[in-house]
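The values are calculated or read from the model by the stated rules, or taken from the named source; none is laboratory data. Predicted, not measured: the structure shown is a model, and the values here were computed from it. Quick reminder, even Gly has a Cβ in these numbers, built from the backbone with ideal geometry, and neighbours come from all protein chains shown.
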Amino acid sequence: MPNIKKIGVLTSGGDAPGMNAAIRAVVRAALYQNLEVVGIRRGYKGMIEGDFIPMTSKDVGNIIQRGGTILGTARSKEFRTEEGRQQAYKNLQEHKIDACVVIGGDGSFTGAGIFSKEYDIPFIGIPGTIDNDLFGTDYTIGYDTALNTVVEAVDRIRDTASAHERLFFIEVMGRGAGFIALLSGIATGAEAVLMPEVENQEKGLIDYLNRQNKKSNIILVAEGSHAGGAAAIAEKVKEDFKDYDVRVNVLGHMQRGGSPSAFDRFLASRLGVASIEALMDNQRSSMVGFVNHETVLVPFNKTIKFNRNLNRILLDVADILSY
Ligand code: ATP
């Protein structure tokens, strides 16, 4: 057994629904192993500032259903500096924290990997981001909830788009990845999906609109799409379709909030338990992931180095079904 008596848990980077369920699972799984647990507030920023709170089983009661993160999250420039990380180490030592579980995205894992190399503190990562863009896991915590939020919003916009015979460009999150756009596009029957993984989609879109000549259309646009954001594309399309009533809707941060779906709660629970098992098994600098409905352990350097690719079959499905 490793010599771990006390662990820290933190949420870092962008928030995602299900992070609370993950905190709960980490805390309870750690207590089950007779470890003490400290919550680190506001990610690496709190680690540098020594913003720590002891966590008991009660402290994580009644949070599994809540969006956001009770620990708060932040992006910390200081943690990118040696001085910042040294201060963080001092604080961890002062509080006798032997290991950490970080819930976040690839940036958070990059920071954890660097820190763990500099100082002898094992880190295990749990993938928490709505973007689903991490290599080594089929799903990240928050993605399923965000997808359902987008589907509900697009269904509503579809009603008004049909009633007024409008062409809607709806922008969704995903950073450099099109997972949210593509899957929600399929699930809402969008006429087209524009995403970063596919180049030169504009001409195809114009041809499609000309060919179909539908009274109303929903075009989903991933925020990182090559063609630009929804507003930029709408401007270009307006030039060719002067009679169309073109509207733009940027869904924005509503995609990050809300009560996590059953799947995200389940995923967070599984990965939280797996993260503590990994620490007990002397593992470090790795992310616990979920592949083919089983938990797996993937080294940070792999999750960071490789991109998670879209399943090309899904691109075909979207194309076929909007024919
Ligand atoms: P999301 O996918 O939701 O954006 P993320 O974890 O990728 O989440 P980032 O802002 O990229 O979010 O990273 C979170 C934090 O990790 C940063 O604010 C920074 O403190 C730390 N971090 C990222 N990259 C590095 C690095 N190269 N060195 C040290 N720390 C880093």
Next item on the list: Report the residue count in the range 186-202 for those that are of a type in the set (A, V, I, L, M) and in a helix (DSSP H, G or I).
Entry: 2
Margin query: Suppose the filter is in contact (Cβ under 8 Å) with a residue 12 or more places away in the chain and assigned to a helix (DSSP H, G or I); does A25 pass it?
Written below: yes
Item checked: Test result for L205, part of a helix (DSSP H, G or I) and at pLDDT below 95 -> yes
Check: Can you find a residue in the range 218-233 that is over 22 Å from the mean Cα position of the chain (by Cα), free of Cβ contacts under 8 Å to residues at least 60 places away in the same chain and outside any loop (DSSP other than H, G, I, E, B)?
Finding: yes
Notebook entry, point to check: So how many residues does the range 29-84 have that are polar (S, T, N, Q) and at positive phi?
Noted result: 2
Notebook entry, point to check: So which of G128, G136, G104 ends up being in the same structural domain as S285 (by TED's automatic domain parsing), surrounded by fewer than 24 Cβ atoms within 10 Å (Cβ to Cβ) and within 20 Å of the chain's Cα centre (by Cα)?
Noted result: G136
Margin query: Out of the residues in the range 76-101 meeting the condition of being within 24 Å of the chain's Cα centre (by Cα) and more than 8 Å from the ligand (Cβ to nearest atom), tell me which one is surrounded by the fewest Cβ atoms within 10 Å (Cβ to Cβ).
Written below: C100
Item checked: The one condition in (1) within 20 Å of G176 (Cβ to Cβ); (2) touching a residue at least 24 places away in the same chain (Cβ under 8 Å); (3) of a type outside the set (G, A, S) that R312 fails to fulfil -> (2)
Check: Do we find a residue being within 13 Å of the ligand (Cβ to nearest atom), under 22 Å from L31 (Cβ atoms), in the same structural domain as G39 (by TED's automatic domain parsing) and crowded, with 16+ Cβ neighbours inside 10 Å anywhere in the range 58-67?
Finding: no
Next item on the list: Answer with yes or no whether D15 is in the same structural domain as L297 (by TED's automatic domain parsing), of a type in the set (D, E, K, R) and in a loop (DSSP other than H, G, I, E, B).
Entry: yes
Checklist line | Candidates T73, T110 - the one that is outside any helix (DSSP H, G or I) and within 15 Å of the ligand (Cβ to nearest atom) | finding: T73
Note to self: Quick test of your reading of the structure: F241 fulfils all but one of (1) under 30 Å from V38 (Cβ atoms); (2) more than 16 Å from the chain's Cα centre (by Cα). Name the failing condition by number.
What the structure shows: (1)
Note to self: Filter the range 113-164 down to the residues that are among the acidic types (D, E) and either away from the ligand (no atom under 15 Å from the Cβ) or outside any helix (DSSP H, G or I) (or both) and list them by number.
What the structure shows: D120, D131, D133, D138, D144, E152, D155, D159
Note to self: Consider the range 22-47. How many of its residues are buried (at least 24 other Cβ atoms within 10 Å of the Cβ) and not basic (K, R)?
What the structure shows: 12
Margin query: Can you go through I233, I313, I320 and tell me which one is touching a strand residue (DSSP E or B) at 6+ places or on another chain (Cβ under 8 Å), more than 26 Å from S116 (Cα to Cα), of a type in the set (A, V, I, L, M) and not assigned by TED's automatic domain parsing to the domain that holds Q33?
Written below: I233
Note to self: Between a residue in the range 80-109 that is farther than 27 Å from A21 by Cβ and any residue that is within 12 Å of the ligand (Cβ to nearest atom) and part of a helix (DSSP H, G or I), which pairs come within a Cβ distance under 7 Å, given they are 6 or more apart or on different chains?
What the structure shows: G84/I48; G84/E78; R85/F79; R85/F115; R85/E118; Q87/I48
Item checked: the range 1-36 - residue that is more than 16 Å from the ligand (Cβ to nearest atom) and in contact with a strand residue (DSSP E or B) (Cβ under 6 Å, 6 or more places away or on another chain) and, of those, nearest to Q283 (Cα to Cα) -> I4
